[in-house]
1. Out of all the residues in the range 47-55, is one or more touching a His at 6+ places or on another chain (Cβ under 9 Å) and either closer than 26 Å to Glu319 by Cα or in a strand (DSSP E or B) (or both)?
2. Any chance you could count how many residues in the range 219-258 are farther than 30 Å from Ala383 by Cα and in a strand (DSSP E or B)?
3. I'd like the full set of residues that are in contact with an Asp or Glu (Cβ under 9 Å, 6 or more places away or on another chain) and free of Cβ contacts under 8 Å to residues at least 40 places away in the same chain, limited to the range 166-194.
4. Could you pull out every one of the helices (runs of 4 or more DSSP H) wholly within the range 84-194 that has 3 or more residues that are closer than 16 Å to Gly7 by Cβ?
5. If Ala392 passes every condition in (1) small (Gly, Ala, Ser); (2) part of a helix (DSSP H, G or I); (3) buried (at least 23 other Cβ atoms within 10 Å of the Cβ) but one, which one does it miss?
6. Out of all the residues in the range 157-170, is one or more in contact with a strand residue (DSSP E or B) (Cβ under 6 Å, 6 or more places away or on another chain) and assigned by TED's automatic domain parsing to the domain that holds Val96?
7. Against the condition buried (at least 23 other Cβ atoms within 10 Å of the Cβ), touching a strand residue (DSSP E or B) at 6+ places or on another chain (Cβ under 9 Å) and β-branched (Val, Ile, Thr), how does Val107 come out, does it pass?
8. Cβ-Cβ below 7 Å, separation at least six or inter-chain, first residue in the range 250-273 and within 18 Å of Val327 (Cβ to Cβ) and assigned by TED's automatic domain parsing to the domain that holds Leu297, second aliphatic (A, V, I, L, M) and in a loop (DSSP other than H, G, I, E, B): which pairs?
Amino acid sequence: MRVLLVGNHWTEGPGGAETMLLLTADLLRRAGHDVVPFAVAEPRTLPTPVRDRLPGAAGSGARGRFGEAWAGTWSARSYRALTAVVDEVRPDVAHVHHVFERLTVSVLDALRRRGVPTVMTLHDYKPVCPNYRLFVDGAPCTRCLSGRYREVVRHRCLEGSRWRSVAAAADAYASRSRRLYDRVDGFLAPSAFLRDRVVEGGLPADRVRVLPNPVVAAPAPRRARAGPPFLLYAGRLVPEKGIDPLLDATRRLPDGVRLRLAGEGRMERQVRARVAAEDLPVDLLGSLRPAEVAAQLRAAVAAVLPALWWENCPMAVLEAAAQGVPVVASAVGGIPELVEDGGTGLLVPPGNGDALAAAVTRLVAHPDEAARLGAAGWARVRARHDPGRHVAALQETYADLIGSPTGRG
């Protein structure tokens, strides 16, 4: 089977969507399929047989803030490039990942125009929420699930930008009116929580299937850790990830325990300033390669994910469990589907720095419990997030779409 794999970035990182894109390609190739990645052209773009046909990111070269924001809603350049690639490689099926703002949803139009059966993995809530996260003003928000996209402009939901918010709201109204997502034959939701929200927001329930993200587990859970105790946060430095409550918690950690932040984001300068001003026990590691993150995890007391927004199926949780490292995370969104409180990790209320610090202190004080939770998490991901089972489910999904006379399973 020839699979056209479509996503914004064909690179190592920076986030979970890119991790999933690379892992999906590897799994499909190991299963004997021909995979053709299609993404925006970047200096870090990995090899692909259509490398010289990749388009630039939407909005590059646009004039003005509104021009750049509006260009990110639909790209004629991406449409033409993908149409040409489809005509050249003639894929049996297209698997679309995160394409918003860079490739844009123009790729969905191109695939439908060429009659390519299409499945889309949902990494966030974008089809029903213009700001992707169902989160604004520091709290979860469901206003747009009813189609009230004007709220996006009212609350400036796109990082406070008026022009990005106007463009996002207009794009959402247009997508709804022209039934954009009817161009997708099937959706894969990595968590039941996300599935329920997008169905509530209008996606057809019979075309949204839950398929949790896979992860490659270490051969065995990590052995007893050695060295100075530290916690690891691996992810974007953005408000919805709970970075401020996490920094609050560091002031209540036992003496000698430090927090390591592996990642980048728009809060980086703010975090550095706060760490220096308050003399917090925090080390900023910057962006790390996957192997470097795994090495940090194996030495950590625990991984932390203090999210405020409704996380989907965060790879940060799965990657920690894959090493046998316990996770302390917020009980929000799809996280409770991954972490059994007291069984494979510890769950805390979102935004509660005291509860986060108490949970971490518990693991520092009771290394045997931390080891037990980590080993149980490792066993759980091996059973529930096995890559072999994941690729088998993908192949079944593809076969269903290809076998449907309308291209819709």
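The values are calculated or read from the model by the stated rules, or taken from the named source; none is laboratory data. None of these values were measured; they are calculated from a predicted model. Here the Cβ is made from the backbone with ideal geometry for all residues, glycine too, and neighbour counts use every protein chain on show.
1. Checked against the condition, which is being touching a His at 6+ places or on another chain (Cβ under 9 Å) and either closer than 26 Å to Glu319 by Cα or in a strand (DSSP E or B) (or both), the range 47-55 yields no hits at all.
2. 1
3. Ala169
4. 106-113
5. The failed condition is (3).
6. There is at least one residue in the range 157-170 that is in contact with a strand residue (DSSP E or B) (Cβ under 6 Å, 6 or more places away or on another chain) and assigned by TED's automatic domain parsing to the domain that holds Val96.
7. For Val107, the condition - buried (at least 23 other Cβ atoms within 10 Å of the Cβ), touching a strand residue (DSSP E or B) at 6+ places or on another chain (Cβ under 9 Å) and β-branched (Val, Ile, Thr) - is met.
8. From the range 250-273, the pairs are Thr250/Leu280; Leu261/Leu237; Ala262/Leu288; Gly263/Leu237.
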